[in-house]
Every structure is written in C-alpha cells, then in structure tokens.
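The values are calculated or read from the model by the stated rules, or taken from the named source; none is laboratory data. Predicted model only: the values in this text are computed from it and were never measured. When we count neighbours, we look across all protein chains shown, and the Cβ atoms used for this are built from the backbone with ideal geometry, even at glycine.
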Number of protein chains: 2
Amino acid sequence: MALTQARTMPGVLELLPLDQIAFQRMLDVIRRNYERFGFLPVETPVMEFSDVLLTKTGGETERQVYFVQSTGALANAEKGEGVPELALRFDLTVPLARYVAEHEHDLSFPFRRYQMQRVYRGERAQRGRFREFYQCDIDVIGKDSLSVRYDAELPAVIYSVFRELDIGAFTIQINNRKLIRGFYESLGILDGEMQTLVLREVDKLDKRGADYLRETLTGPQFGLSAETAQKILDFSQGRSTSLQDAFDKLDALGSGSAALEEGRAELKEVLSMIRDFGVPESHYMLNFSIARGLDYYTGTVYETTLNDYPQIGSICSGGRYENLAGQYTKSKLPGVGISIGLTRLYWQLRDAGLIGTARSTVDVLVTQMDPAQLPAYLALAGELRGAGIATEVVLDGGKLGKQFKYADRAGIRFVIVLGEDELAKGVVTVKDLRREDQFEVARADLIKTLRVELAQAEVGT
Amino acid sequence: MALTQARTMPGVLELLPLDQIAFQRMLDVIRRNYERFGFLPVETPVMEFSDVLLTKTGGETERQVYFVQSTGALANAEKGEGVPELALRFDLTVPLARYVAEHEHDLSFPFRRYQMQRVYRGERAQRGRFREFYQCDIDVIGKDSLSVRYDAELPAVIYSVFRELDIGAFTIQINNRKLIRGFYESLGILDGEMQTLVLREVDKLDKRGADYLRETLTGPQFGLSAETAQKILDFSQGRSTSLQDAFDKLDALGSGSAALEEGRAELKEVLSMIRDFGVPESHYMLNFSIARGLDYYTGTVYETTLNDYPQIGSICSGGRYENLAGQYTKSKLPGVGISIGLTRLYWQLRDAGLIGTARSTVDVLVTQMDPAQLPAYLALAGELRGAGIATEVVLDGGKLGKQFKYADRAGIRFVIVLGEDELAKGVVTVKDLRREDQFEVARADLIKTLRVELAQAEVGT
C-alpha cells in the first residue's frame, strides 16, 4: 500500500506529551481560578448555524470563517446552494450571546460563566498566527442592568490567574471608553465615527510612535490643529503610578461632557474597588492609551502585559459592553468579560524560554526485574494508585537499564526496583532520576516517602 | 433590527451550567484515573487533511464526514475542485495513528496516551444519536511488539474509572478474536470473509434472538448445517461466572487450530492477570459473544455493561489491534485501546435517572446587606478563595430575600450574611440552603467550619 504522509495542517499547535502536560497545567490553573471566583462552566458545540454565527460580523471576520458541510450537504452545495448551513465558531462571545438568548429563562442573572474551548479562524498561515486556538473566557451578564462593580471583579480574577500561572511580573491596564469619548468631545471631536477613527490611530501609538500619530491627526484625513493633536498625544501617554496618582490624573482632566464625567466616576469606582479585591497597586494601572479596537466595548476596557516582555503584547483583554445579544433577543443583557488566548500565550512563553517541558504526569515507574514477580509489582502499583500516585508498570520487560532509560526519556522522575533482595528484606529501592540518587525504603513507608518527595519535586519545578 | 432565532443544530448536547458541572465531573474522574495509570495527555486539532483522515475508511464512515472550508476555499470549490482539503475527525483513533506516525521519533514506546476530545459524525438526526460527542480514549502502542499483558491492564483502568464514576454495578466482558476465528475454523468455516460475516450475525444475537440467528446461519447466505449453527449458538452463549469457570469453559472447547490455541492462551493470561491487577472477579467475565463489529481488532476485545441497565449497551469498548498506522508508516505499531463515548453515556444515564443535576461549583455566596460594607465582603471572599473555597460575592445588591433566591436557584448551598450585628460580634451567619438551617460561627473559625461542611456535602451528594 502506498503510504500517505502523516501531517497536520499549518496554523495549529500540536504538542508532544510533556509539552501538552505543561499546557494542560496552565488550563487547569485558569479553570481553578475561574471556579474559585464563582464562574460556572459552559461548553458550546464547535459548529453553529451560519446565519446565527454571522449576524453581527462583517468584512474581515466573515472572510476568516470556516464553513462545515457533511458529505450530503457538500453534494447539494455543488449544485449551487450558496453559503453552507454550518460554520465553526471564531470566538466564544457570539456562542455566549446565542447561549444566553437561547437559554435565557433557565439561567440565573447575573450569569457568570467561564468557557475554555478552541476557536477557529481561517488566518493566512504565518508564524505566531493560529487557525485553531484556545480561548479561556469569563463574562458576567446582567439582565437589564449590571453594576459597574463587576468591572472591578474581573481584574481581581486576572490577578489571581496570572499570579498562580507564575510567568513573571504583570500589569493590568485599565481605561474607560466613555472617558475617552468624553475627552475627545471636550476637544470638539463630537462625531462618534470620527472618535472611532481617532481611537484607531491612537491604538497604533506604541507601534508607530508619536510623530506618526501627530502627522496623521493633523493631516488631510483628520485635519486637527497641532494643539489638539498634541492634547490627544499627551492624554494618550498618561499612565498612573499608584491609585492616588490615577485619581490625580483623572481630576487633572478638568470638568467635561456627561460622557467624560460618567467615565471618570466609573474609573474611580473600579480602580478603588480593585484594591478592595486585594489586588496590589503594583499590579494595575490607569492607562489612557488602552482603547481595544472593537466597537463592541462601551465602558471599562482592560489589557494585561508582562512587565519584562512588552513585545508579547496583551495576554488578557476585555471590557464592558452594553448589550450582549441584541441580534437574538429583545432582552437587554449588559456584560463585562475578559479572554485569555492561551494557545498564542503558551507559544510565546515557550518561544521566550519562559516555559519549559513539564515533568511527566507519571510520578513513578515500577520496573520489571523478574516477570514471575509481576503480581507483586501490580499489587504495589495498585497501592500507589490508590494513594493518588500516578504509576506506570513495565509490562513488556527487557533489560533494567533499558527500563531506566525509558523512564528518563519519558520524564518520569522516580523509578522503583523490587528484586529478590528487596522482597526478602521487605523494602523497595527508589531511584530518583533527577537527582541521580537512590535509596531504600521500608515497603510500609513507601507511600509516605513518595508523597514527601513528590511534594518537594512540585515545589522545586 | 430583525432578530435571528438563537438555536443550536440538532444532534449536539448543549448543557445548562449545573448539568455541565455534572458532565465535567465525569470528565475529571476519567482523566484522573487515566493519569493514575500512567497515561499521557494528547490533544490533536479538530481538523485533519482529508487525504490523511480518509485513507482507511470507506462507505458508511466516509459519508458521515464533515468537510471544512474557509471562505476562500469555498469560492474555489464552487469552481469544482472536488473533495475539500480539510475534514473534522470522526474518531480519535485515526488522529492517534497520524500523531504516532508523525511524531514517532519523539515518542517513547510503549507509548501510553489518553485523549479526551469531541469527534464529529454527520449522523442522521434521531434521538440518542449525536453529531458531536466526547470520546475518552486510552491506547498503549508498542513498537514492533507489545506484550499481551497490556491487554490485562486496560480492564484494570476500566474498573478504576467506573468504580469512581459510581453509576452502578458493571461487568467488563472479555473475548478474543483469535479464539473466535479458531473456533469457526474447527467448524470448517475457514474463509476469513465468511468468518467476519458469521461474526456480524452473532453480534446481533442479543437483539434478534437465537431463532433468528439459527435461521440465518442455516439459510441460503451461509448454508451451514443445523448442527454447526447450534454449535455456534451454544458457543456464543458462553459466559463465565468466575475466573475458574472461565478457565473451565476455555478448556472445554477442546484442542483446535493454531488460532484457537493462541486465543485461548492469550485469554488465560489476560483473565488471570486482570485479577492480579486487583479487579474483583465479580466485575469481569469471559463472554464468547463479544466480537466488536470492526475488522480492526485482532485479539482481545472488550465491552462493559451496567448490570442493571443492559439496554444501555456497552459503555466502554475496545481491543487489541495488530498495526495502528500502516497507512502512514512502515513501522509496525501494535496496540490495545479502549474508548468511552461520554456524551452518549451521560445522556443515557441522565435519561435513566441515574445522574442528576450537580450542586454548583460555587461553594459559597457572600450576600450584600450593606453596600458600604463591600470592602469587608470582598476581604472575606478573598480569604475563602485563598483557602480554595469557590466564592461568589453579590455586587449588584438588592433585597436579601432576592439574593437567597438567586443562590437557591443557582444551586449554591451556603450563603453568608455579614450584617452590622455580625460585624460587631466578630461572627458570620451561614445559611445552609439545602438543610434550610442557619448557624453563627466566629469569623476566625469560618474557613475550618466551611471546609467540614463542604466535605460532608461532598460525601452526601
């Protein structure tokens, strides 16, 4: 038979087992923290009806959608049926909106859900761009209204997640779209469309620099005065160094339009409440340049950056929106949410050398010295598993040296040898492949000893 | 704006949060047990290249495939490009074969992997048939060879999983394809194709009954003698009542072809070793009628049934195969594996009333008596979360009665009230919504007390 080359499509991240373990541990940390803050799990099907999925989206997003057709549907499509009935989700927000609208009467509000699933985008293949990637989202959805206090809770969750992920110092950057719009109004930029266009340019400040922004804003497209452009620039470069400094910077804006006052009041409440949530002032700041590209957001907006790796960009972003599911229901459903794009984050952390290959999830390998003793090996393994210690037994046999080599290559740290000597003496030999050390332990003390060793290894790695 | 109806495609199981929690707990139990036995996690992309995915499959499976096209590819397809380049996986076995072949030189053998992901089949919509469902698979893959002892390990994993899932008494049924083929040979049915056809009829024994099988085998298609048909029937109805009885039944078959002898020897080794793995004899049996439809299996085959719910059918099946990835690599990769179709199992258990809606993952709701005391509520919640207790705080406010009602509806058992009285006395009032009871506890003892209550609740539910 001619062989087919085993290969995966470009733009996906398929991991070897020890890398998958490292990835899975990140997923577990995120989930544990989401649950600790009282968010409930939701999973939605990977496919949605195309008309449901594509109500809101236009241009760019629509072109990146993956459509799905069963063999039967495909045959019909060839007869020219147009857009296929089904498509893969490209984010978790549209499925959330559909879910809440569909199950509205079975949910309790405020509805707090987390969802950690893969999403799909037909991106052009290039380094660091993924066509399949995990998003780990939380959202709080209110019915009719939702207190701005929830906008302060999400940074507390972000803090809790990234502290435990332990990938270096990070800062949660916070701003408010109402404040930005209000500030633009105070400069005489009253048109909403125009505000959005200016915002889009300001968003590029970090990439293109101040001169480019100044030129663009005073150029033919915007036609702003040099003074106005400078005010926008000065404003956009404002970042707080402490909570008090944030309040000072907010006050320094002077009085302004209703939008500005509303945005300022919200920011003050949110920023001080984040402190009440126990987030140290060193870990969050007011940053007037944060706008988030999407028109979707209407109030608080967040980005999170690693202090020592600014080039990675935002590792967790989100914000407040006025109405989640206006395309599906007349109910008004305001919400606030954040998203971690874990596949990209993991890939970047690994690329930056910040994350290594994990120790195996297998704690112990029980070797096979003598096939006749297999029942003893299996009984021992059963005891260890009963104590929650993940244990593999060599069933195939072969030379002991080869068995050690297998454990080493597979990332298994502890290897147990149970030979005639050991059986006679009622002991077990434990080899620590990491420390290249070995010790004998009484059979009765084995579980206790291994638990201590594994707990130490956990801290050590 | 005209509303689009929020709806999901037929054939998917989308769950409300408390059901999702119950489902997630099952996934967690399965994963924990797979890891305890030393299996390593693997995840593969949901899409594979169509030519890679469809090398082996024909007819039925191929018609059920979902093909995937990005918007750009779709435009090309309309010009008549034929089968789309990408398709969704329809099981986890083909992706495993592709994975092992692709990463062969980076893996350690025997390669023990678990994989718990959703798979997709364009099934006709009908009750209990799913187009998207979870499979939870483990496989052990050898390079060149793999000891039959691994065939005994998988029932130990099955036992461990279903004991902890706690969904009622179950029996792992074991047979061996070599033995079946050898037995047919001893009846003069020598042709492999013919054996497969007979097997397929025997597989229907439980559904169609003995008379139907007898008629079919003596009918024009098979033309077997009444005596031969009866021997097949008698054989197929053989089930062991203990390990000794299994050995007796195997011996009673008398001497036979090489295949029969090999199958018998394997079964004896596997059955007695399952006992060495600590599986009670009450939980596994030799069952000569188990064949598994797929031609894929070559030796040991498994099915698992719930003793009190035989109509649910097999809840965990699998077996031994000679060569995993012959379509992708010249390496010989024998293996043995099992699969739990969790979506269908969960659905059936819920349907049979064997599984209820879970208690919320949220352990505690901190109510809001007085907005001015929010910092105190947040500090308390922070302490609880730090102790690993999942805690939600009411941030919106509103009447206390409404807050209790929310907790009750959301399945949160413990509600904390911290009013002026409590703050003055240094205590906290805990309401247990399940027991409709409440008690006061010193603030300093709260975590300890809640831990005890939650541990008891865990046992109670």
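Pick from the range A:311-335 the residues that are of a type in the set (A, V, I, L, M, F, W, C) and within 30 Å of residue A:354 (Cα to Cα): which of them is modelled with the lowest pLDDT?
A:312
Where the second residue is buried (at least 23 other Cβ atoms within 10 Å of the Cβ) and among the small types (Gly, Ala, Ser) and the first is in contact (Cβ under 8 Å) with a residue 24 or more places away in the chain and lies in the range B:305-320, which pairs have Cβ atoms under 9 Å and are six or more apart or on separate chains?
Matching pairs, first to second residue: B:318/B:337; B:319/B:337; B:320/B:335; B:320/B:337.
Scanning the range B:16-42 for residues that are crowded, with 21+ Cβ neighbours inside 10 Å and closer than 25 Å to residue A:8 by Cα, which turns out nearest to the other protein chains (Cβ to nearest Cβ)?
Once the filter is applied, the top-ranked residue is B:40.
Does residue A:260 satisfy being at pLDDT 95 or above, closer than 27 Å to residue A:187 by Cβ and aliphatic (A, V, I, L, M)? Working first, answer last.
Working: at pLDDT 95 or above: yes; closer than 27 Å to residue A:187 by Cβ: yes; aliphatic (A, V, I, L, M): yes.
So residue A:260 fits the description; yes.
Regarding the range A:113-129, can at least one residue be identified that is surrounded by 20 or more Cβ atoms within 10 Å (Cβ to Cβ), in the same structural domain as residue A:324 (by TED's automatic domain parsing), β-branched (Val, Ile, Thr) and in contact with a strand residue (DSSP E or B) (Cβ under 7 Å, 6 or more places away or on another chain)?
Among the residues of the range A:113-129, at least one is surrounded by 20 or more Cβ atoms within 10 Å (Cβ to Cβ), in the same structural domain as residue A:324 (by TED's automatic domain parsing), β-branched (Val, Ile, Thr) and in contact with a strand residue (DSSP E or B) (Cβ under 7 Å, 6 or more places away or on another chain), which makes the answer yes.
Does at least one position in the range B:229-237 carry a residue that is closer than 24 Å to residue B:314 by Cβ and touching a Ser or Thr at 6+ places or on another chain (Cβ under 8 Å)?
Yes.
Considering only residues that are farther than 21 Å from residue B:330 by Cα and not small (Gly, Ala, Ser), look in the range A:1-15 and name the one that is farthest from the other protein chains (Cβ to nearest Cβ).
Selected residue: A:10.
What pairs can you find where one residue is in the range A:247-268 and free of Cβ contacts under 8 Å to residues at least 24 places away in the same chain and outside the structural domain of residue A:287 (by TED's automatic domain parsing), the other is crowded, with 17+ Cβ neighbours inside 10 Å and hydrophobic (A, V, I, L, M, F, W, C), and their Cβ atoms are less than 8 Å apart, with a gap of 6+ or different chains?
Close Cβ pairs (under 8 Å, with a partner that is crowded, with 17+ Cβ neighbours inside 10 Å and hydrophobic (A, V, I, L, M, F, W, C)) do not exist here.
Can you tell me which residues in the range B:389-448 are of a type in the set (Val, Ile, Thr) and assigned to a helix (DSSP H, G or I)?
Going residue by residue through the range B:389-448, those that are of a type in the set (Val, Ile, Thr) are B:389, B:391, B:393-394, B:412, B:415-417, B:427-430, B:441, B:447.
Across the range B:389-448, the qualifying residue is only B:447.
Could we say that residue A:265 is modelled with pLDDT of 90 or more, surrounded by fewer than 17 Cβ atoms within 10 Å (Cβ to Cβ), of a type in the set (A, V, I, L, M, F, W, C) and on the phi < 0 side of the Ramachandran plot here?
yes
Tally the residues that are in contact with a Leu (Cβ under 7 Å, 6 or more places away or on another chain), more than 9 Å from chain B (Cβ to nearest Cβ) and buried (at least 17 other Cβ atoms within 10 Å of the Cβ), restricting the search to the range A:348-367.
Of the residues in that region, 4 qualify.
Got a number for residues in the range B:122-147 being in contact with a Ser or Thr (Cβ under 8 Å, 6 or more places away or on another chain) and basic (Lys, Arg)?
1
Those residues that are away from chain A (no Cβ under 14 Å) and among the aliphatic types (A, V, I, L, M), I need them from the range B:334-347; list them, please.
Passing the criteria: B:338, B:340, B:345.
So which strands (runs of 3 or more DSSP E) stay within the range B:80-147 end to end and still have 3 or more residues that are facing chain A (nearest Cβ under 10 Å), more than 21 Å from residue A:66 (Cβ to Cβ) and in contact (Cβ under 8 Å) with a residue 12 or more places away in the chain?
B:111-120
Here are the criteria: (1) modelled with pLDDT under 85; (2) surrounded by fewer than 19 Cβ atoms within 10 Å (Cβ to Cβ). Tell me which single one residue A:105 does not satisfy.
Every listed condition holds for residue A:105 apart from (1).
Which one of B:64, B:69 is surrounded by 20 or more Cβ atoms within 10 Å (Cβ to Cβ), farther than 27 Å from residue A:21 by Cα and either more than 10 Å from chain A (Cβ to nearest Cβ) or at pLDDT below 95 (or both)?
Sole residue among the options that is surrounded by 20 or more Cβ atoms within 10 Å (Cβ to Cβ), farther than 27 Å from residue A:21 by Cα and either more than 10 Å from chain A (Cβ to nearest Cβ) or at pLDDT below 95 (or both): B:69.
For residues that are modelled with pLDDT under 95 and assigned to a loop (DSSP other than H, G, I, E, B), tally how many sit in the range A:289-307. Outline the logic, then answer.
Of the residues in the range A:289-307, the ones modelled with pLDDT under 95 are A:289-298.
Next, from what is left, pick out any that are assigned to a loop (DSSP other than H, G, I, E, B): A:289-296.
Matching residues across the range A:289-307 total 8.
Consider residue A:374 carefully, then state whether it is without any contact (Cβ under 8 Å) to a residue 24 or more places away in the chain and assigned to a helix (DSSP H, G or I).
Numbers: without any contact (Cβ under 8 Å) to a residue 24 or more places away in the chain: yes; assigned to a helix (DSSP H, G or I): yes.
Spelling it out, residue A:374 is indeed without any contact (Cβ under 8 Å) to a residue 24 or more places away in the chain and assigned to a helix (DSSP H, G or I).
Of all residues in the range A:148-176, count the ones that are free of Cβ contacts under 8 Å to residues at least 40 places away in the same chain and in contact with a Phe, Trp or Tyr (Cβ under 7 Å, 6 or more places away or on another chain).
0
If I go through the range B:299-333 residue by residue, how many of them are in contact with a Ser or Thr (Cβ under 9 Å, 6 or more places away or on another chain), within 14 Å of chain A (Cβ to nearest Cβ) and crowded, with 22+ Cβ neighbours inside 10 Å?
4
For (1) assigned to a helix (DSSP H, G or I); (2) more than 27 Å from the chain's Cα centre (by Cα), each residue gets a yes or a no:
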position: B:200; (1), (2): yes, no
position: B:212; (1), (2): yes, yes
position: B:220; (1), (2): no, yes
position: B:244; (1), (2): yes, yes
position: B:247; (1), (2): yes, yes
position: B:278; (1), (2): no, no
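Scan the range A:323-336 and give yes if some residue there is touching a strand residue (DSSP E or B) at 6+ places or on another chain (Cβ under 8 Å) and part of a strand (DSSP E or B), otherwise no. Break it down into steps so the answer makes sense when it comes.
Narrowing the range A:323-336 to residues touching a strand residue (DSSP E or B) at 6+ places or on another chain (Cβ under 8 Å): A:324, A:333-336.
Those still in the list that are part of a strand (DSSP E or B) too: A:335-336.
Checked the range A:323-336: at least one residue is touching a strand residue (DSSP E or B) at 6+ places or on another chain (Cβ under 8 Å) and part of a strand (DSSP E or B).
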